[in-house]
Structures are given as C-alpha cells and as structure tokens.
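What follows is a short report on a single structure.
Bear in mind these aren't lab numbers, they're just calculated from the coordinates by the rules spelled out. Here the structure is a predicted model, which means the values were calculated and not measured. In this analysis, Cβ positions are derived from the backbone assuming ideal geometry, glycine residues included, and neighbour counts consider all displayed protein chains.
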Amino acid sequence: MRIIHSIPEMQEWSSDERSSGNSIGFVPTMGALHQGHAELFAQSVSENRKTVVSIFVNTLQFNSVSDLESYPRQLEQDQVIAELQKVDVLFIPDKDEMYPDGFASSITAGPIAQHMEGLHRPGHFDGVATVVVKLLNAVNPNVAYFGLKDFQQLAVIRSVVRDLNIKCEIKAVPTVRNSSGLALSSRNSRLSPEQLEQAQIIHALLLEMAQMARIANTSSFALKDHFTDGMMSTSAARVEYVEVVDSHTLLPATTAQDGTTICVAVWFDDVRLIDNISI
Ligand code: AMP
C-alpha cells in the first residue's frame with residue numbers, strides 16, 4: 001500500500017492510473033477506522049481496479065474546538081486496517097497541504113444542508129462540501145463511497161457533485177452496526193461501557209418507529225415523542241433532534257410513510273451520536 005501526503009503526487013498517481021485504463025474508487029474518511037469504514041473499502045475494492053482511502057480530520061467541519069481536539073486519532077492502526085482491506089493508496093494530507101496560508105475559497109451547501117445536522121452544527125456542511133470537493137479534485141476517482149449512517153451528508157454531497165458538474169459517481173453503503181444494533185462510529189470509543197450499553201436503545205427505538213410507521217403511517221409528532229420518551233426512560237442521553245424527512249428532498253414530513261427517513265441525534269455527555277432508518 002502506497003502512502004501519499006501531497007496533493008500533486010496524488011493527482012499524478014491518479015492520472016497515471018486512469019491513463020492506464022484503471023478505474024479508481026475513493027473513500028474519504030477522518031480516520032479512527034472501524035468495520036463501517038472497512039465495508040466501504042471492501043465495496044470499492046470489489047468494484048474498482050484501484051482504491052484510494054483518505055484520512056484527514058477536517059478542521060473546517062468541526063463547529064466545536066473540544067470536539068475537534070477529542071476526535072480519536074490512531075494512524076498506525078488505521079494503516080493496518082487499510083492494508084488488510086487491500087487499499088492501494090492511503091492519502092494523508094496534513095492541514096497545511098489542504099488549507100495552506102491564503103486559503104480563502106469555500107463551498108456553500110444548499111438548502112438541503114440547512115436543517116437537522118446543519119441547524120445544530122452551523123457551517124458543518126459547508127466544511128464537508130469544501131473538503132470533499134478538494135479531495136475529489138486531488139484523487140479524481142470514478143466512484144466515491146459514502147455511508148448511509150451520515151444520511152444528510154450523503155444528500156449534501158450528491159447535490160454538490162451534481163450542481164458543480166463533478167464527474168464522479170456517488171455510491172451509498174448501508175450502515176454497519178455492532179451485534180446490538182449500535183451504528184459503528186469513531187466517536188463510540190469515547191463512550192463509557194455504561195453509555196455504550198445505553199446507546200443500543202437508539203437503533204431499537206428506530207426499529208420500533210419504522211414498524212409503527214409501516215403499520216399505520218404514524219404522525220411525525222407521535223414518533224418524535226416515542227423516541228424521546230424511550231431514550232429518556234432508559235438512558236442518561238439528551239435527544240438533540242428527531243426528524244421525519246422525505247428521503248430525497250430531506251424536507252420535513254408530517255407522517256412517517258414509504259419514502260421517508262427518520263433521523264436522530266443524541267448526546268451522551270459530550271459525545272454526539274447520529275443514526276437513521278428509512279421506511
Ligand atoms: P468519517 O470517518 O466518520 O468521516 O466517515 C467516513 C465515511 O464512512 C463516511 O462516508 C461515513 O458515512 C462512513 N461510515 C462511518 N460509519 C459508518 C458505519 N457504521 N457504516 C457505514 N458507513 C459508515
């Protein structure tokens with residue numbers, strides 16, 4: 001596995017591979033890799049001749065200094081995981097490579113980025129959109145893979161790629177969960193054993209809500225209450241939002257029915273977890 005730190009070197013590698021007729025799959029990450037990331041790598045490896053994974057903790061998308069500072073970093077272990085998954089290139093630019101002195105341009109994500117995550121993390125999706133476009137320009141992949149766990153992020157990236165005519169197919173990969181249903185996340189490592197146990201209720205409640213919606217097109221209000229009551233009665237978590245949205249436009253839906261997705265964000269102390277389920 002080759003490790004590349006500079007953008008020009010990344011672009012040169014990519015251009016050589018593409019002129020040799022090799023398709024490139026790309027998975028952008030912020031490191032602290034787990035089985036969820038590995039699933040994206042595996043899909044890319046199976047569908048492309050070459051796979052590039054980037055690791056970059058993107059300062060632009062953090063709206064809290066403490067979240068940025070406490071974000072888990074484990075580069076050596078990440079290299080082992082990427083190597084095991086047969087990734088061809090690990091692209092690890094540092095902050096100066098991505099945002100050198102004088103860096104001043106950025107992308108504004110559209111209305112799809114304005115509620116849910118966007119509302120509670122101002123500027124987050126502008127940071128995501130900017131870094132993803134920069135990474136796509138560095139790697140120039142045929143296909144890029146994103147997890148459905150970050151449901152709104154995927155929608156934002158699809159709209160940016162479409163609006164800016166970026167020639168790259170965007171593929172969604174289902175959420176990987178542990179045996180109790182908790183969505184794998186780099187942030188899970190910051191939960192105490194007790195919080196980890198309590199966090200399992202998130203997926204259990206989402207499953208119940210999906211079941212309620214399938215049986216009777218339940219109102220969004222009733223579902224929100226169900227989730228909030230369920231979380232509060234079984235855990236010390238604070239619910240930041242529960243939203244039922246149209247799966248394509250991400251606009252709020254009054255009832256949960258076919259074609260809608262329930263998205264939630266929950267805090268355990270200073271650790272924020274998100275999850276979703278599509279009806
Ligand atoms: P991150 O390193 O958190 O920025 O995530 C990098 C990519 O991995 C994003 O496209 C995420 O949606 C995806 N991802 C993270 N966790 C999971 C998971 N549990 N299942 C599937 N994809 C995931």
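Screening the candidates 42, 32, 82 for the property of being touching a helix residue (DSSP H, G or I) at 6+ places or on another chain (Cβ under 6 Å) and among the aliphatic types (A, V, I, L, M) yields one hit, 32.
Look at residue 131 and say whether it is surrounded by 14 or more Cβ atoms within 10 Å (Cβ to Cβ), touching a residue at least 12 places away in the same chain (Cβ under 8 Å) and under 16 Å from residue 37 (Cα atoms).
Numbers: surrounded by 14 or more Cβ atoms within 10 Å (Cβ to Cβ): yes; touching a residue at least 12 places away in the same chain (Cβ under 8 Å): yes; under 16 Å from residue 37 (Cα atoms): no.
Taking the combined requirement at face value, the residue does not satisfy it.
Identify the residue in the range 140-175 that is part of a strand (DSSP E or B) and charged (D, E, K, R) and, among all such residues, is surrounded by the fewest Cβ atoms within 10 Å (Cβ to Cβ).
Of the range 140-175, the ones part of a strand (DSSP E or B) are 143-147, 169-173.
From what's left, charged (D, E, K, R): 169, 171.
Numbers: 169: 12, 171: 15.
Looking at the filtered set, the residue picked out is 169.
Tell me whether the range 106-122 contains one or more residues that are away from the ligand (no atom under 13 Å from the Cβ), free of Cβ contacts under 8 Å to residues at least 12 places away in the same chain and farther than 26 Å from residue 271 by Cβ. Looking for residues that are away from the ligand (no atom under 13 Å from the Cβ), free of Cβ contacts under 8 Å to residues at least 12 places away in the same chain and farther than 26 Å from residue 271 by Cβ, one finds at least one in the range 106-122, hence yes.
Restricting the range 27-58 to residues that are in contact (Cβ under 8 Å) with a residue 60 or more places away in the chain and touching a Leu at 6+ places or on another chain (Cβ under 6 Å), the residue that is nearest to the ligand (Cβ to nearest atom) is 36.
Candidates in the range 139-154 are the residues that are away from the ligand (no atom under 12 Å from the Cβ) and hydrophobic (A, V, I, L, M, F, W, C); of these, the one that is nearest to residue 61 (Cα to Cα) is 139. For the range 15-28, the set of residues classified as in contact with a strand residue (DSSP E or B) (Cβ under 6 Å, 6 or more places away or on another chain) and of a type outside the set (A, V, I, L, M) consists of 17, 22, 25, 26, 28, listed by residue number.
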